[in-house]
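Visitor: Okay, here's the structure, questions in a sec.
The values are calculated or read from the model by the stated rules, or taken from the named source; none is laboratory data. Since the model is a prediction, treat every value here as computed from it, not as a measurement. Because the Cβ atoms are built from the backbone with ideal geometry, glycine has one as well, and the counts that use them run over all protein chains shown. For accessibility, only protein heavy atoms count, side chains too; no ligands or nucleic acids. Shrake-Rupley method; radii C 1.70, N 1.55, O 1.52, S 1.80 Å.
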Amino acid sequence: MLKRRWVSCLFASVLTFTSVTGVVFENSVQAAATNKDYESHAAKAAIDFGIQKGYLWLSGGKFYPNNQITQGQFVASLVAIRGVKETAAVPQLPAGHWAKYSYERAVKAGILNNVKIDPNKTLTKEEAAMLVFNAWKPLRGEKNPNLSNTGALITWGWMKAAPSGQPKFREDLPVTRGDAAEILRYLWTDKWQLEQGAKYANEFHNSLKIANGKIIGKVPKGDKNFTIIATFVTKQNGREGFVNNQSFSVSLSNVNSLAFFVINSNDSTDASSFRYAKLPSLERTNMNQRFYTPRGEE
């Protein structure tokens, strides 16, 4: 996962996987079987996580982790994680098609931009990575244009590199259901942390007041999962910072701007990032870290 670029210097469809056909039955959930076919698989934890959270399903008590994932299966999981509700027409699929509802939501959300609709197509790394970036563009922005979708997703940390001895960003390799489960766990976790970050950012914003030439507020208490920081940039280009559960009262005559961050304590990724650049105005700009930050915007 990418690390914070500049905070450190400021302050210390429902998816059912099937065995052969790739058919998806909406809203069909089966309990985990006693004898799982992935019990000893490297992706076991990610598969269990996906089933628990409701974006992966078993078929007949099995997951088939070594089978190549289909476009329809992967799209349905992305739709479920994003929580897409609205739909758009998908004339390419007939009424009653097993994937139609998932694809209607995916089209509305932009997940299928520049993608040929083919629910039964098995996915390569590049095809799966493109769907990921389409799905996450509203949350994390554009990928690095200098990298393929595969290269960018591997750089971000959400896809494994090719086996040793092969080109690291090899795009044509297949994506198994086990591989997909691990990628999707990263996506679910990122969406969750962004939701938590938004909650803390709003709590912080609502605490801010301007009174008697000072800006007054409190950094949310949060929990052990997140480090929450408010950093003032002074007129002398110095830094004055406050962390979880600390209150502050800072003279406006001595500060230029205020930055607010919610950082995942486990991997240092951004859950929220805002800048107040027009003090004493409390207007804020969303600076959430993106997959790619163009030169000059770091």
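Visitor: I need the trypsin sites (Lys or Arg not before Pro) found in the stretch 103-141, filtered to DSSP loop residues with at most 10 other beta carbons within 10 Å of theirs. If you can, show how the numbers build up before the last one.
Guide: Details: sites: R105, K108, K116, K121, K125, R140; in loops: K116, K121.
Those satisfying the criteria are K116.
Visitor: Which order do you get for M130, M159 if you rank them by accessible area with a 1.4 Å probe, largest at the top? Kindly include the intermediate steps, with their values, before the conclusion.
Guide: Values: M130 50, M159 15 Å².
Result, largest first: M130, M159.
Visitor: Any number yet on Rg/Rh for the stretch 59-179, C-alpha, Kirkwood? Working shown, then result.
Guide: Values: Rg = 14.7 Å, Rh = 15.1 Å.
Ratio of gyration radius to Kirkwood radius: 0.98.
Visitor: A follow-up question, please. Can you work out D for the chain in µm² s⁻¹ from Stokes-Einstein, where Rh is the Kirkwood radius over C-alpha pairs, the temperature is 4 °C and the viscosity is 1.567 mPa s? Numbers along the way, then the final one.
Guide: Working: Rh = 21.0 Å.
Answer, rounded: 62 µm²/s.
Visitor: So, one more: Mind checking the per residue accessible area of the chain for me, 1.4 Å probe, whole number of Å²? Show your work: numbers first, answer last.
Guide: Numbers: 14210 Å² over 298 residues.
Accessible area per residue: 48 Å².
Visitor: Same structure, new question: At 0.36 nm per residue, and after removing the present C-alpha to C-alpha distance, how many nm does the segment from E203 to N256 gain when stretched out fully? It would help to have the intermediate numbers written out before the result.
Guide: Numbers: separation 53, 0.36 × 53 = 19.08 nm, distance 2.21 nm.
Length difference between fully extended and current span is 16.9 nm.
Visitor: Would you please give the residues with an amide H less than 5 Å from that of N256, counting only those at least 5 places away or on a separate chain, with H modeled from the backbone geometry?
Guide: Residues meeting the amide H criterion: V233, T234, K235.
Visitor: Could you give P(r) for the stretch 97-142, binned at 5 Å from zero, as whole percent values over all Cα-Cα pairs?
Guide: With 5 Å bins starting at 0, P(r) equals 5, 21, 30, 27, 13, 4, 1.
Visitor: Let me ask something else about it. Could you work out the equivalent-ellipsoid semi-axes for the stretch 131-274, taking the square root of 5 times each eigenvalue of the Cα gyration tensor, largest first, in whole Å? Could the numbers behind the result be given before it?
Guide: Values: eigenvalues 307, 51, 30 Å².
They are 39, 16, 12 Å, listed from largest to smallest.
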